Number of protein chains: 4
Amino acid sequence: MGDKEDSKKNLATLLVTCPDRKGLVSALAQTLHGHGANILESVQHVDRHAQRFFQRILFDLTELHTDRLTLERGLGEVTERFEMSTRLVYANKRKRLALFVSKQEHCLYELLLRTRSGELNGDIAIIISNHEDLRPVAEQFGIRYEVFSITAENKSEVEERERTLLEELDVDLVVLTRYMQILSKEFLSAYSGAVINIHHSFLPAFIGGKPYHQAHRRGVKLIGATAHYVTSDLDEGPIIEQDVIRTSHADSVGDLIRKGRHVEKQVLAQAVTWQLEDRILVYDNRTVVLK
Amino acid sequence: MGDKEDSKKNLATLLVTCPDRKGLVSALAQTLHGHGANILESVQHVDRHAQRFFQRILFDLTELHTDRLTLERGLGEVTERFEMSTRLVYANKRKRLALFVSKQEHCLYELLLRTRSGELNGDIAIIISNHEDLRPVAEQFGIRYEVFSITAENKSEVEERERTLLEELDVDLVVLTRYMQILSKEFLSAYSGAVINIHHSFLPAFIGGKPYHQAHRRGVKLIGATAHYVTSDLDEGPIIEQDVIRTSHADSVGDLIRKGRHVEKQVLAQAVTWQLEDRILVYDNRTVVLK
Amino acid sequence: MGDKEDSKKNLATLLVTCPDRKGLVSALAQTLHGHGANILESVQHVDRHAQRFFQRILFDLTELHTDRLTLERGLGEVTERFEMSTRLVYANKRKRLALFVSKQEHCLYELLLRTRSGELNGDIAIIISNHEDLRPVAEQFGIRYEVFSITAENKSEVEERERTLLEELDVDLVVLTRYMQILSKEFLSAYSGAVINIHHSFLPAFIGGKPYHQAHRRGVKLIGATAHYVTSDLDEGPIIEQDVIRTSHADSVGDLIRKGRHVEKQVLAQAVTWQLEDRILVYDNRTVVLK
Amino acid sequence: MGDKEDSKKNLATLLVTCPDRKGLVSALAQTLHGHGANILESVQHVDRHAQRFFQRILFDLTELHTDRLTLERGLGEVTERFEMSTRLVYANKRKRLALFVSKQEHCLYELLLRTRSGELNGDIAIIISNHEDLRPVAEQFGIRYEVFSITAENKSEVEERERTLLEELDVDLVVLTRYMQILSKEFLSAYSGAVINIHHSFLPAFIGGKPYHQAHRRGVKLIGATAHYVTSDLDEGPIIEQDVIRTSHADSVGDLIRKGRHVEKQVLAQAVTWQLEDRILVYDNRTVVLK
């Protein structure tokens, strides 16, 4: 895997969305090729109903004829011509994560272990909690752990301190790993499209609190989990990934909670993986995941 | 399978539910054994929260010392003592089904094919529709097909004729295989616990009409289907079975409809199978499926 | 769906594989664009180990500046330059299928129903069997049904007659829907890459006969089915699709056979769908399915 | 969950297998009831082909009229009469586990975390490894960690020291969490039915070494994992649990290894859970898992 890591350094990802028109694919391919970039992966999607185009291009810069700035200027011309909204990410800058957690450790551990094994392509800069409980876990992995006690009174002031800290730490992505506090509109607008949460139900079923209790009461035969971007509409943000697990009449609420944990952590880790690989575009409150 | 079929003739199933108490299992086992019945399968469930007991016993009557009436009297004493609600079903009486359908054939075909192959332990007595469209399918399988045109004005009168027909045909179970009419309270109370519907969403998500359109708009990553008993609370009846299939941003509403069909037919067929095998008890608007 | 059908007429699919080199994506996109073709979908894959490139491009010919022949000549130049092996398919020519079947109807019905509902993008030209049993099914769907009795003695002569018939009927794809005869090398080489079979196990487990019996004996907790291209190495051809279903100690061989049917028919139908949509490339006895 | 824990102390589980005969269920139920034991759960299975009966009974001893010894004597009479092979386990004695591991941490972590959260009903007495690598993990959880370097020469002597240690620690169950050494016949016969391994393929596919490499070469569309009892026939022991995950042509061997990890840990944890709950009986090299 060492080779892979090294060879990754010269990679870049371009995410594009724009109104669908003829010649988009060709224009981008030609521009990249013209500058000596080598396209390694390309996935596209056209939403025919919305007449909208989406593309992810992974390319290698090793044999670039020009420099990055010139390439960016070249791409800029194309994106302007086609009214594209784009995101260009160089792989040599690893992404930095902040994990927010309360008292439950399962999602936190999953992300810590996947980061250590190299599955998650990012670095965990900090773990933030409203409780002391999980500090030992952070210590095991040598990650900084900060506790911010939140009350109705101090909330906006605390969030401001958190944001200052995240900025200092150059955080790209906030992941709520079963964090039991609601983030304010202000916080979310500062990290728009960069806060991922795991909700312990198969949304839009069982919105709100205690979804496993709700699921038990309704007698469903599958329970699920949903990873989504957090927006100011609680539990209504764009869905990134979902999965379910089979249950039966024999499962108590406690059993649902236990079974659900394993779905939650897998679904959240999958969503974070895609985010770190720059595979997700959002349009009309839905995600396009370009795998 | 011939042997199996023959050997089934002497079987009976006892379904029991009652408040949980000590000695239930022993009392039933002893009574059955005492009359010479041989217990082949026994599954039980205790809902500890509701303090309620559920059991399904499949037994062989071949070596009964007494006759069925005496056995029933013996069981009657036990069930009275423990305040049991019971259902005793002899396997030599095959169940009779009525399938209600509108214009979509996929669920109908699944049940017809599974009945013909012997997977479904019942006979289809009639197919009832509000449209002529699927008459050729019924004819292929040699099943009677009756059309009842329903309008707001004639609804109660038509339902009465339907009920008369179902009674004449000695129907035990009504299955709505994508039937696009709402049955009245009167109809449902006459067939309480004996009308199964397939809803084309993962309930309680996307209650009501056009669930695939709703699912598409919400951008979910899995779609599902739910088989449930029909009650007068639309889409709120006890859930028997559910399953899901993975979707993505690339799926149009049409794709969801196509994918969903295959889940719908499997889920409905599974629910009908359990019903015909007398495996389902309902309590507190939930099902206990004793497999 | 009418619109969709109409709009499909002007579509074409290009399947490409070649040694991986720089500039491939750009060259093809540019050539298509240069002739006025509009790229609707494009999926590619690079096998880094084998240094091999694979791509599927779906494009619209409606606004072609030139004619098809000129376009083909243009593409020909590119494919030669990059040593590409290509397949160009115009959507206005619907594919024609021959289904080979013995006595079991479940896979046959699945393909018949999916064809009728428009899910499968092809026409069933004929059903060929070594038994009379399923003729009524063919008649229900108005499909020609021919019986060829096969013995050790007449096999090569019968296969020749079958091949003549398939040629007369202009058949593109042969699907073995639980066909219990082994096709000869000669037959297979005439229909190389165009014969799909469903094997009732999760290959490579339980190769050969009676896989459900083998699975039962081994006590596996999942059974599966595998759709694959048929080659002269029995059960060793390139795998197109697989799926599994959960089983338990409580399942008899008969139960496995029943459960397996539903997996078999789904897996086979999925593989045939991809084949009809020109999504599959074969390399090194494996399939690349470009979805 | 505190209540649950307390209430568990008075529970016992009886596992039974014997030739199938009339009156078995009744005899056991009556005996337990006669001594004042309250049956909470009862699951049974009859293998009709092998004419063999299997049952698991969970019962509460709180209101026992007699003492445990008298109950055991009572049960002994029944088990002798029906030639039963039985296992009676009292819940107040928590099971003790030894985890054997080499260098990969994912399965080890899963069991450590599930034990800490109370999901696994046992205590980890020791972690044994042939490498130093994972000592820090053991330390994080406060578990003793012993390294035994194994060579061809010292193997039998080392295994003897391991067995002595396991005996001192009163270990009930050995779990191989990706342990890369083969245990000798002697070791296995000392812990017959008490050594569980996770094999990283969907057995019996890809027996032996490097199953993910084998799977990649064969081009399968699902990969899996298998938890099984270890016997002296390598990879041939009774299968306890299996699961799979979808793969595609786009997955390299490294991707398969990464994806597989998550299946491995879930499957192994599930098998260990059932073992600790005394739900597994082995017959004819297959498992009966009484859920």
Hits in region B:211-249 (condition: at pLDDT below 95 and on the phi > 0 side of the Ramachandran plot): B:Asp235
Exclusive hit being crowded, with 23+ Cβ neighbours inside 10 Å and away from chain B (no Cβ under 11 Å), set A:Val288, A:Val272, A:Val263: A:Val272
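Quick check: is even one residue across region B:53-70 touching a Pro at 6+ places or on another chain (Cβ under 8 Å) and either surrounded by fewer than 21 Cβ atoms within 10 Å (Cβ to Cβ) or without any contact (Cβ under 8 Å) to a residue 60 or more places away in the chain (or both)?
Step one: list which residues in region B:53-70 are touching a Pro at 6+ places or on another chain (Cβ under 8 Å), which gives B:53.
After this cut, where a residue has to be either surrounded by fewer than 21 Cβ atoms within 10 Å (Cβ to Cβ) or without any contact (Cβ under 8 Å) to a residue 60 or more places away in the chain (or both) as well, the list is B:53.
Checked against the condition, which is being touching a Pro at 6+ places or on another chain (Cβ under 8 Å) and either surrounded by fewer than 21 Cβ atoms within 10 Å (Cβ to Cβ) or without any contact (Cβ under 8 Å) to a residue 60 or more places away in the chain (or both), region B:53-70 yields at least one hit.
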Residue in region D:37-55 that is farthest from D:Leu88 (Cα to Cα), counting only those that are at the interface with another protein chain (Cβ under 8 Å from one of its Cβ atoms) and more than 23 Å from the chain's Cα centre (by Cα): D:His49
Residue within region D:32-46 that is of a type outside the set (Asp, Glu), buried (at least 18 other Cβ atoms within 10 Å of the Cβ) and without any contact (Cβ under 8 Å) to a residue 12 or more places away in the chain present: yes
Selection count, region B:176-226, where residues are more than 27 Å from A:Gly224 (Cβ to Cβ), in contact (Cβ under 8 Å) with a residue 60 or more places away in the chain and not small (Gly, Ala, Ser): 3
Single unsatisfied condition, C:Tyr229 versus (1) of a type outside the set (A, V, I, L, M); (2) touching a Phe, Trp or Tyr at 6+ places or on another chain (Cβ under 7 Å); (3) in contact (Cβ under 8 Å) with a residue 40 or more places away in the chain: (2)
Only one of A:Ser102, A:Ser85 that is of a type in the set (S, T, N, Q) and either out of contact with any strand residue (DSSP E or B) (no Cβ under 8 Å at 6 or more places or on another chain) or under 28 Å from A:Glu159 (Cα atoms) (or both): A:Ser102
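Can you name the residue in region C:93-110 that is of a type outside the set (D, E, K, R) and more than 14 Å from C:Leu268 (Cβ to Cβ) and, of all such residues, is surrounded by the fewest Cβ atoms within 10 Å (Cβ to Cβ)? Break it down stepwise before answering.
Taking region C:93-110 and keeping what is of a type outside the set (D, E, K, R), we get C:97-102, C:104, C:106-109.
Right, trim to more than 14 Å from C:Leu268 (Cβ to Cβ) and you get C:98, C:102.
Details: C:Ala98: 24, C:Ser102: 17.
Among residues in region C:93-110 that are of a type outside the set (D, E, K, R) and more than 14 Å from C:Leu268 (Cβ to Cβ), the one surrounded by the fewest Cβ atoms within 10 Å (Cβ to Cβ) is C:Ser102.
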Single match in B:Ile198, B:Ile207, B:Ile239, B:Ile245 (criterion: touching an Asp or Glu at 6+ places or on another chain (Cβ under 7 Å) and within 11 Å of chain A (Cβ to nearest Cβ)): B:Ile207
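Any idea which residue in region A:56-104 is nearest to the chain's Cα centre (by Cα), counting only those that are β-branched (Val, Ile, Thr) and within 14 Å of chain C (Cβ to nearest Cβ)?
As a first pass, look at region A:56-104 and keep what is β-branched (Val, Ile, Thr): A:57, A:62, A:66, A:70, A:78-79, A:86, A:89, A:101.
Restricting the remaining residues to those that are within 14 Å of chain C (Cβ to nearest Cβ) gives A:57, A:62, A:78.
Values: A:Ile57: 18, A:Thr62: 28, A:Val78: 27 Å.
For region A:56-104, the residue satisfying everything is A:Ile57.
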Cross-chain or 6+ apart pairs with Cβ under 9 Å, region A:154-168 first and without any contact (Cβ under 8 Å) to a residue 60 or more places away in the chain and assigned to a helix (DSSP H, G or I), then small (Gly, Ala, Ser) and exposed (fewer than 12 other Cβ atoms within 10 Å of the Cβ): A:Val158/A:Ser149
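The values are calculated or read from the model by the stated rules, or taken from the named source; none is laboratory data. Predicted, not measured: the structure shown is a model, and the values here were computed from it. Here Cβ is always computed from backbone atoms with ideal geometry, including for glycine, and neighbour counts include all displayed protein chains.
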